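The values are calculated or read from the model by the stated rules, or taken from the named source; none is laboratory data. The structure presented is a predicted model; accordingly, all values stated were derived computationally and were not measured. Here the Cβ positions follow ideal geometry from the backbone for every residue, glycine too, while neighbour counts run over all protein chains shown. Protein only, heavy atoms only, side chains kept; ligands, DNA and RNA dropped before computing areas. Shrake-Rupley method; radii C 1.70, N 1.55, O 1.52, S 1.80 Å.
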Amino acid sequence: FQPEEIIHFKYPNPLDPYVGAAPMEACYLAFNTYMQASEYNNRFFKNNARADFIIDFPQGLSDNEQKQIRAQWENKHGGEKHQHRFGILSGEAKILTTGMTAKDMEFNQQLQVNRDEILAIFKVPKALLDPQELNFASAAVAKEVFMEEVVVPMMKDFVQTLNEFLLPNYNDDSLFFDFENPGQENAEAKNAWITSRVAA
């Protein structure tokens, strides 16, 4: 393709106005943190992301003895892949359990923080996705705000880009792109608008 054959739809980028920046670029760190936290939680439910307990043998074990004990345990009690594995330390046998730390319990809260940051970058109202904040009134308002403040401006930018960079190729000033507002029509606002026009 030649440069004049390309129409560039771009989001604003204060660092480079000629290239633009996608929302995913802006939320890369939050998204990456969210994905890593999700993967950690997934491993937690498979094998707690750590040993459930440690067997300590103060007198010491040879490598072959460690392998034999581990194989015997996992053959009887181990699940698929790496679930419920344990650690071994040389010495008299002591079982040392490892519990869930406060850091582990904060992961769900961290996921919510990352989710809210991603929603903010994409301008999606939290009330549309969070069941704890959802009721009919808040959902209706959130949907209306999302349509009017996010979707409609994006559609305007889209058709304006086409009008500016595509239509000049046809040398016809009567042509133009437009769109229909996808938002729900506010009956009260429409009635007030009609009444004001009739009164005028």
Discussion item. Looking only at residues that are modelled with pLDDT under 75 and open to solvent by 80 Å² or more (accessible area, probe 1.4 Å) in region 171-189, which one is nearest to the chain's Cα centre (by Cα)?
Written reply: GLN184
Item to complete: Return the total of residues in region 142-197 being assigned to a helix (DSSP H, G or I), in contact (Cβ under 8 Å) with a residue 24 or more places away in the chain and among the aromatic types (Phe, Trp, Tyr).
Response: 2
Discussion item. Given the options ASN47, ASN13, name the one that is at pLDDT 75 or above, surrounded by 12 or more Cβ atoms within 10 Å (Cβ to Cβ), under 28 Å from the mean Cα position of the chain (by Cα) and of a type outside the set (Asp, Glu).
Written reply: ASN13
Worksheet, complete the sentence: Of ALA120, ALA71, the only residue that is modelled with pLDDT of 60 or more, in a helix (DSSP H, G or I) and open to solvent by less than 50 Å² (accessible area, probe 1.4 Å) is ALA71
Worksheet entry | Condition met for ALA139 (more than 28 Å from PHE9 (Cα to Cα), part of a helix (DSSP H, G or I) and either under 22 Å from the mean Cα position of the chain (by Cα) or of a type in the set (Asp, Glu) (or both)) | yes
Worksheet, complete the sentence: Of the residues in region 57-68, those that are at pLDDT below 75 and open to solvent by less than 80 Å² (accessible area, probe 1.4 Å) come to PHE57, PRO58, GLY60, LEU61
